[in-house]
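Below is one structure, written out as structure tokens; the observations come after it.
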Amino acid sequence: MKWPWLKRMLLVVMSIVAALGVSEVAARLLAEPASAPRETKYDLVKGATPDAPYRFRPDGTSTYSWDGDPYGTLPPGAKMSVVVNHEGLRGSVPAQGGPVTLLVGDSFTFGEGVLDKDTFTARLNADLTGGYVAVNAGVPGYSTHDELGRLDGWLDRFSPKVVVVVFVPNDPIPLTDSMRRSNDLMNIRTRHASSSRLVQLLSQRREVQETQRWYRSYFTGKRRPYWERARADLADMAQRSKKRGANFGVVLFPILNDVGGAGYREIHAAVAQACKELGVRFLDLSTALASAPEASLWVHPTDHHPNAKTHALA
């Protein structure tokens, strides 16, 4: 060829095209098929006052449906109904007078996407001794502030010997903020549309990283006042529990994406340090979950709530 530089350029271009072709094939093999978001109908009632958190209707039924069950974690038909008890909580109601362990939390504690028997509260009930009964006081969408708003009522009703707050890194985030995002890494409401699987994977990875930065902003960035309020709420719950003679602790349930990685390390450190300063017992579940592949922990590709296996590990 008369111009050797042109030959070299063509070889480089051909190599790049070939590499992109191989990457696209690999991406198509590795990428999951696009899935629709979960459909949910909650049976909720408003709180007694405008500032009071919403709650489940006593003896009410909430329904869930997914577009399939690619991970094999859901009931037949990928549909589920959850009936709460007359207290508006999931699971059994303990007999009066017995020692109670009260588990306070949000959808992770409630157990979205798992059967009653598979929630970690139900599993804990199978293991507790000394007459203790675990009560599932988890309500989907609750923040730490909502949990504080309900705590006195639960303390009056159950007189627990132990209170455990199951903290998730989205707890300081207002529900309205989460609902404005298409991807909060728990309920994924959109998928990137592209004919190229490689572009889809790259777009999804970028969105994950952006969402992690969004989470961190509520703890160490410009939205830090929300974490400061959540920290004060934890201190308040610890004080109220101890006044009632209950041992108090915090369990940190990680976002099931990059478990144990750098994405949420600052958040976990902030919660651990707060519990240390408050003199509160603390357990981070990341160690128990980090060795499992991420997708093996999820209910569904667009529903990254913990599945039955994850509840068992917890």
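Quick notes
- Ranked by how many other beta carbons lie within 10 Å on average, peptides 116-122, 216-222 from highest: 116-122, 216-222
- Computed with a 1.4 Å probe over protein heavy atoms only, the accessible area of M9 comes to about 100 Å².
- With DNA, RNA and ligands ignored, accessible area of S143 (1.4 Å probe; Å², nearest 10): 20
- Straight-line cross-link partners of K309 among the lysines, defined as a Cα under 27 Å from its Cα and at least 8 positions apart when in the same chain: K41, K79, K117.
- Protein accessible area in segment 33-110, 1.4 Å probe - carbon and sulfur %: 54
The values are calculated or read from the model by the stated rules, or taken from the named source; none is laboratory data. These figures come from a predicted structure and were not determined experimentally. Ideal geometry is used to build each Cβ from the backbone, glycine not excepted, and the neighbour counts take in all protein chains shown. Keep in mind that these areas ignore ligands, DNA and RNA; they rest on the heavy atoms of the full protein, side chains included. Shrake-Rupley method; radii C 1.70, N 1.55, O 1.52, S 1.80 Å.
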